[in-house]
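Asker: Sharing a structure with you now.
What follows draws every value from the coordinates through simple rules; no lab data is involved. What you see is a predicted model, and the numbers here were worked out from it, not measured in a lab. As a convention, Cβ positions derive from the backbone with ideal geometry for all residues, glycine included, and neighbour counts pool all protein chains shown.
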Amino acid sequence: MTYQPTAALNFGNMGCAKFTFTGTPTLNNPLTPVLVGSSTSFTPTISSNDIQLPAGEYVLRFYGAITRTSTSANILYQWREVGGSLLGKVGATNREIAPGTYVESLDSADARLELTSAGSVQIEMTQVDAGVTLDTSNTHAIIWRVPV
Amino acid sequence: MSYNPTLASENAFAFLTGAKSAGNNNATPDTMEPANTGWLTLPGSATGGLALAGSVLLRGIVSSTLPCQCRVGDSNSSSNFWEQANLKVVRSGTTDGTGAEVSDDEIILQREDATIKIQMLERYTSLNYQGPSFDATYPRFLAWRMG
């Protein structure tokens, strides 16, 4: 008898993709992703501001970079499942977490997502201070995927 | 034939947040997604650690509600400097901003069948740096099950 159960772990099938971004940071709006490259086993597509993903289990990391006209100007950002809720934890360029209390750089927006069917994600600006321009040379994201 | 169906399609990634104990004692995450991740066991007590089954890669940050300069890492392997993070948080005020550099390097570590406990390992103490005081709102760790 031959029996091949579903693999306990699909880690060996992991793929990843890297993205850069363009656009003007605007509150509650997404940036526009550009696919730089990806594994042969994971080929996401871009539609407008959406990163379209096949079914799978994902880890998402986004690093924002900006140029400032004021030292206190920053952006906050978080992943969102398109048509759904914000995912994971917020990331930020240096910011005041609680004004007047303390400052800390949170850096990346991080999230885990499991899609049982194809779906899409965006990186959304959850706070944008005045005088901020996106540094497109350094703003980037990496998404890892394993099949479900 | 032996077959354990509960192993099928187990998640490969986990997302860890929170801090087991506020203050400067234990920044080990206390919440995970998915909650039923079989290869991770959250701390059972305020002084407990995160138990890893098999080989796991962890990377993420902690957060402090008090100004601090310190090194943070796994208290069970405190000699591994390359795995530690340097956390610097400066108090904000009316004159802060210019030159107020802050950093929160990632803690990145890999362990196999081990229990890890994220703690402050060493800190600079002064009137201006009373922390760290770990908070539970902003920390996050991503976990990769390696095999």
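Asker: State to the nearest 20 debye the size of the charge dipole of the range A:15-146 about its Cα centre, where the only charges are +1 on K and R beta carbons and -1 on D and E beta carbons.
Answerer: In debye, rounded to 20, the range A:15-146 gives about 160.
Asker: Let me ask something additional. Rank B:GLY23, B:LEU87, B:CYS68 by how far each Cα sits towards the positive end of the charge dipole of the range B:13-145 (+1 on Lys, Arg Cβ; -1 on Asp, Glu Cβ) and give me just the farthest.
Answerer: B:GLY23
Asker: Calculate, for B:ASN36 and A:ALA118, the FRET efficiency according to 1/(1 + (r/R0)^6) with r their C-beta to C-beta distance and R0 35 Å; round to the nearest 0.05.
Answerer: Here the calculated transfer efficiency is 0.90.
Asker: If Lys and Arg each add +1 and Asp and Glu each add -1, what is the summed charge of the other residues whose beta carbon sits under 11 Å from the beta carbon of A:ASN28?
Answerer: 0
Asker: If you don't mind, another one. What whole-number distance in Å separates the alpha-carbon centres of the range A:107-148 and the range B:119-143?
Answerer: Spelled out, the Cα-based centre of one part sits 26 Å from the other.
Asker: Taking the alpha-carbon distance from A:LYS18 and a cut-off under 21 Å, which lysines remain once sequence neighbours fewer than 8 residues away in the same chain are dropped?
Answerer: Leaving aside lysines fewer than 8 places away in the same chain, those within reach of A:LYS18 are A:LYS89.
Asker: Averaged over B:10-19, how many beta carbons belonging to a partner chain fall within 10 Å of each residue's beta carbon?
Answerer: 6
Asker: OK, next. So what are the ³J(HN,Hα) numbers for the range B:126-134, from phi and the Karplus equation (6.51, -1.76, 1.60; θ = phi - 60°), rounded to whole Hz, Gly and Pro as x?
Answerer: 6, 4, 8, 10, 7, x, x, 10, 5
Asker: In sequence order, what are the phi-derived ³J(HN,Hα) couplings for the range A:129-139 according to the Karplus relation 6.51 cos²θ - 1.76 cosθ + 1.60 with θ = phi - 60°, rounded to whole Hz, with x for glycine and proline?
Answerer: So the Karplus estimates, Gly and Pro as x, are 7, 5, x, 10, 10, 5, 8, 6, 6, 10, 6 Hz.
Asker: Inverting the mean 1/r over all pairs of different Cα atoms, compute the Kirkwood radius of the range B:13-145 and quote it in Å.
Answerer: It is 14.9 Å.
Asker: Within 10 Å of each Cβ of B:138-146, how many other protein chain Cβ atoms are there on average?
Answerer: Counting other chains' Cβ atoms within 10 Å and averaging over B:138-146 gives 5.
Asker: Along the principal axes of its C-alpha atoms, what lengths does the range A:15-146 span, in descending order and rounded to whole Å?
Answerer: The principal-axis extents, from largest down, are 45, 26, 22 Å.
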